[in-house]
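Okay, structure first, notes after.
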C-alpha cells in the first residue's frame, strides 16, 4: 500500500469513551478505524469483559454531478 492510499484521522475526529455494547464500560478509543465511501467503521474492544464489536457511522449522501452517459 502506498502512502497516497492511507487515510489519516485527526485526533479530534476519533470517537472517545464509547460505552461497551455488552457491559457499558467506557472504551477510551477504537482499535481500528476503516473509512469507506459515505461511512466510517470502528472496531472496539472492551478490556473489562473482552467483548469486541463494530460501530459504523453513516454520512448523508451528497449528490455528485456527473455528465450524462449518452446524449
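The values are calculated or read from the model by the stated rules, or taken from the named source; none is laboratory data. Note that the coordinates shown come from a computational prediction; the quantities given were computed from them, not determined experimentally. Backbone-built Cβ (ideal geometry, glycine too); neighbour counts: all protein chains shown.
If a residue has to be outside any loop (DSSP other than H, G, I, E, B) and closer than 12 Å to residue 56 by Cβ to count, how many in region 21-42 make the cut? First the steps, then the outcome.
Let us first name the residues in region 21-42 that are outside any loop (DSSP other than H, G, I, E, B), namely 26-27, 32-36, 39-42.
Cutting the leftovers down to closer than 12 Å to residue 56 by Cβ gives us 33-36, 39-42.
Number satisfying all stated conditions: 8.
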Open item on the list: When the residues of region 37-56 are narrowed to those that are farther than 12 Å from residue 19 by Cα and surrounded by fewer than 11 Cβ atoms within 10 Å (Cβ to Cβ), which ends up modelled with the lowest pLDDT?
Closed with: 37
